[in-house]
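The values are calculated or read from the model by the stated rules, or taken from the named source; none is laboratory data. These numbers were taken from a predicted model, which means no experiment stands behind them. When we count neighbours, we look across all protein chains shown, and the Cβ atoms used for this are built from the backbone with ideal geometry, even at glycine. Surface areas here come from the heavy atoms of the whole protein model, side chains and all, with no ligands, DNA or RNA. Shrake-Rupley method; radii C 1.70, N 1.55, O 1.52, S 1.80 Å.
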Amino acid sequence: MVSTLLEYQKNSYRKILLSEVVSCEKSLGPENLKGSELYRITLKDTILFPEGGGQPEDHGFLDDISVVHVRRENGIVAHYTLSPLAVGKEVTIKLDWERRFDHMQQHSAQHLITAIAEQDFNMATTSWWLGETYSFIELDIDFNRFDEKFLKLLEERANELILQGAKVEVTVYEEGDEKPEEARTRGLPDNHSGPIRVITIDGVDTNMCCGTHVNNLLHLQMIKILEVEKGKKGKTNLYFIAGRRVSQSLSRCLGREKQLSSLLKNGPEEHVMLVDKLIKSTKQSEKVCSSLWKEVAKNEAKLFKELPLKPKLYELHRKDGTTDFVNTFSNEVKEFAEGTVFFITYAETQSEAHVMLIGPEETLKSASPMILKMFDGKGAARGGRFQAKVRSLAKRKEVLEFLKKESLLPTSE
Ligand SMILES: [Zn+2]
């Protein structure tokens, strides 16, 4: 029987392939690409892997035309592009090898971790996910029952097997062949048709899978188990990285460490202790600040209380005020709110300011809509106070003029 396998299924290391355009038609494209005018191209053979078995699709080119999406449709690989290609034309398929090799490393690492978790720790894999920076395997064990000591043992075992350099082989069973008994069905997509591929890690694992894999465990370089977290009900998600991602991740960590060393003016060994110290001292400063602001507010209120003649409108602005300040001030002066309208503003940040109005209910009711409109803010009146968060205090003067209108202010006794 003639093999119906495509080149990516036969040789996952092939980066360039000469092929021929079988069909090319205008298409709306798959669901997630709707809206763009696309061409659906099928080829005699391809090295571009359509997503499947948990592995994302490949990126690549047909001559100089970028393939925006590649997927399996009724057993045929459809390549979506923004430009057409003539039927019968010879095309050179170029694979984005860096992306593909990364996927091969993560996918083969998943097979290896899954096999060890099952054989050595009796934890079955129920699904897995290959992400852009890390991947996870969903283990069929309740998170509360998961023993973290497995992580170290699992990682050690995986890296030991990588060092031993077991071969990874693909065996293909054509339609009609007797299917292998020992192969598990995990990883085989529901819509699968045609030949069945079995991936064997020599002496470790045999598993049905449509994905692309490294041909020797040495090509995984290294596996790093990151952490476990609670998954769906009764499941635990185990996060990992493999291959180049290990050194990329280490570079990012070192970069952050370097930044922290420069900020904290000390080496990595001291980071945790220094940050802990910093957090404690910030909390202490916040406490001091809060009590100082309350004191400032009391003094501000005292200035008002000492006025022999109380004005109908009293304004106050602190460009660096806080909630502690306005709340304390408002409590201190609320007994005067029937005869005086207090207009208090403060800005916490460059892009956010606050307004508070204290006074008779009628004033708050009639003045607040206009204040919100003039300041472009959001707020409400409650318990004798109107409070609003606004974008800018640029119109503060205009608002003051508006408040000075006799009708809004308390009538003299
Ligand atoms: Zn697989």
Residues of region 385-412 being closer than 14 Å to Val355 by Cα and either basic (Lys, Arg) or open to solvent by less than 20 Å² (accessible area, probe 1.4 Å) (or both), in sequence order, are Arg385, Phe386, Ala388, Lys389, Val390, Arg391, Lys395, Arg396, Lys397, Val399, Leu400, Leu403
Considering only strands (runs of 3 or more DSSP E) wholly within region 68-130, the ones with at least 3 residues that are farther than 24 Å from Ile199 by Cα and without any contact (Cβ under 8 Å) to a residue 60 or more places away in the chain are 76-81
Within region 276-333, of all residues that are open to solvent by less than 40 Å² (accessible area, probe 1.4 Å) and of a type in the set (S, T, N, Q), the one nearest to the chain's Cα centre (by Cα) is Thr322
Checklist line | Meets criteria (open to solvent by 10 Å² or more (accessible area, probe 1.4 Å) and over 13 Å from Leu43 (Cα atoms)) for Arg99 | finding: yes
If we keep only residues of region 136-159 that are under 24 Å from Glu51 (Cβ atoms) and touching a Phe, Trp or Tyr at 6+ places or on another chain (Cβ under 6 Å), then the residue surrounded by the most Cβ atoms within 10 Å (Cβ to Cβ) is Ile137
### Message
Please verify whether Lys310 is of a type in the set (Lys, Arg) and either out of contact with any Ser or Thr (no Cβ under 9 Å at 6 or more places or on another chain) or not assigned by TED's automatic domain parsing to the domain that holds Gly359 (or both), treating the condition exactly as stated.
### Response
no
Checked Leu38, Leu112, Leu18, Leu6 against criteria (open to solvent by 60 Å² or more (accessible area, probe 1.4 Å) and either within 16 Å of the ligand (Cβ to nearest atom) or more than 30 Å from Arg157 (Cβ to Cβ) (or both)); the one match is Leu18
Flagged pairs (Cβ under 7 angstrom, 6 or more apart or on separate chains; first in region 208-221, open to solvent by less than 10 Å² (accessible area, probe 1.4 Å); second more than 15 Å from the ligand (Cβ to nearest atom)) are Leu217/Leu161; Leu217/Ile162; Leu217/Gly165; Leu217/Ala166; Leu220/Ile162; Leu220/Gly243
Those residues of region 185-209 which are within 12 Å of the ligand (Cβ to nearest atom), in contact with a Ser or Thr (Cβ under 8 Å, 6 or more places away or on another chain) and modelled with pLDDT under 75 amount to Arg186
Note on region 116-134: residues within 16 Å of the ligand (Cβ to nearest atom) and out of contact with any helix residue (DSSP H, G or I) (no Cβ under 9 Å at 6 or more places or on another chain) are Glu118, Thr126, Ser127, Trp129
